[in-house]
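To keep things clear, I will list the structure first and then write my remarks on it.
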Amino acid sequence: IIGMASKNATDGLFELLKRLKSTHNNTEYLLLTNGRAFFNDEYVSNFMESIPDFFKVAIPLHSSIPELHDKITQSKGSFIQTTRGIYQLLKKRIYVEIRIVVSNLNINDIFNIAKFIVRHYSNVNVVNFVGLEMLGSAAVNFNDVWIPYTQAFNQIKASIDFLVQNNIDVVIYNFPLCSVDSAYWNICKKSISDFKIQYCDICSACKIANKCGGVFSGTLRYAKRDLKPIEEQIC
């Protein structure tokens, strides 16, 4: 996993990618980025020349509404740049993963985001619905952003179904299994790094705890009232 460099470090990023291409070209890479730099045609061309063969890009799309997306990113114009960047990469047949970070800020727009993706990015490789990690500014703005996992899943379920019906792969990140209908457990991924995972005391009574990805250690205090043990081995 590679974090996207700042604009001032662009040349350094391309040099790093070229070095990886020449020395570890068969390794798989995932670039986490807001995607805004790909708005620029020259940047995309340089990127294409630099990347190794097995390269994936993950970009968050926070809303289908430009003003709401920009509010969440706290950067005016980011919606236009991000959506254009996604389009540019898909046009070049780069593997793109769109991430929808589910929060109280965008929960009422989730289905519209799904429709936006189907309309504009039907060739996207995968869409990931991502549960919040309550650290930093998310924790500071708890009242504005937090939504319990069960409530969040119930509101994204129709969007998941809609994307799948339109032949788009979907994965669920950072949601404990007890907050997700069992029919959707097969698309839930253990996505939290081992050193960040924590389980509630009641999780010790759960029959499928070994299959569950748990919650972020920094999120447990907000989420524990929403957790419940699964009492039957049903997966």
### Query
If you take the residues of segment 91-117 that are touching a His at 6+ places or on another chain (Cβ under 9 Å) and among the hydrophobic types (A, V, I, L, M, F, W, C), which of them is farthest from Arg36 (Cα to Cα)?
Leu105
### Message
Show me the helices (runs of 4 or more DSSP H) entirely contained within segment 133-235 in which 3 or more residues are out of contact with any Leu (no Cβ under 9 Å at 6 or more places or on another chain) and of a type in the set (A, V, I, L, M).
### Response
149-165
### Query
Out of all the residues in segment 39-47, is one or more aromatic (Phe, Trp, Tyr), in contact with a helix residue (DSSP H, G or I) (Cβ under 9 Å, 6 or more places away or on another chain) and open to solvent by 70 Å² or more (accessible area, probe 1.4 Å)?
yes
### Residues (open to solvent by 30 Å² or more (accessible area, probe 1.4 Å), touching a Phe, Trp or Tyr at 6+ places or on another chain (Cβ under 8 Å) and assigned to a loop (DSSP other than H, G, I, E, B)) located in segment 108-132
Asn125
### Query
Quick one: in segment 51-107, which of the residues that are assigned to a helix (DSSP H, G or I) and of a type in the set (Lys, Arg) is least open to solvent (accessible area, probe 1.4 Å)?
Arg84
### Task
Go through segment 129-164 and count every residue that is within 15 Å of Cys188 (Cα to Cα) and of a type in the set (Val, Ile, Thr).
5
### Task
Could you list, in sequence order, all residues of segment 50-98 that are without any contact (Cβ under 8 Å) to a residue 24 or more places away in the chain, over 21 Å from His120 (Cα atoms) and not polar (S, T, N, Q)?
Lys76
### Query
Is at least one residue of segment 127-139 aromatic (Phe, Trp, Tyr), at pLDDT 95 or above and closer than 18 Å to Ile86 by Cβ?
yes
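The values are calculated or read from the model by the stated rules, or taken from the named source; none is laboratory data. These numbers were taken from a predicted model, which means no experiment stands behind them. As a convention, Cβ positions derive from the backbone with ideal geometry for all residues, glycine included, and neighbour counts pool all protein chains shown. Only protein heavy atoms, including side chains, enter the accessible area calculation; ligands, DNA and RNA are left aside. Shrake-Rupley method; radii C 1.70, N 1.55, O 1.52, S 1.80 Å.
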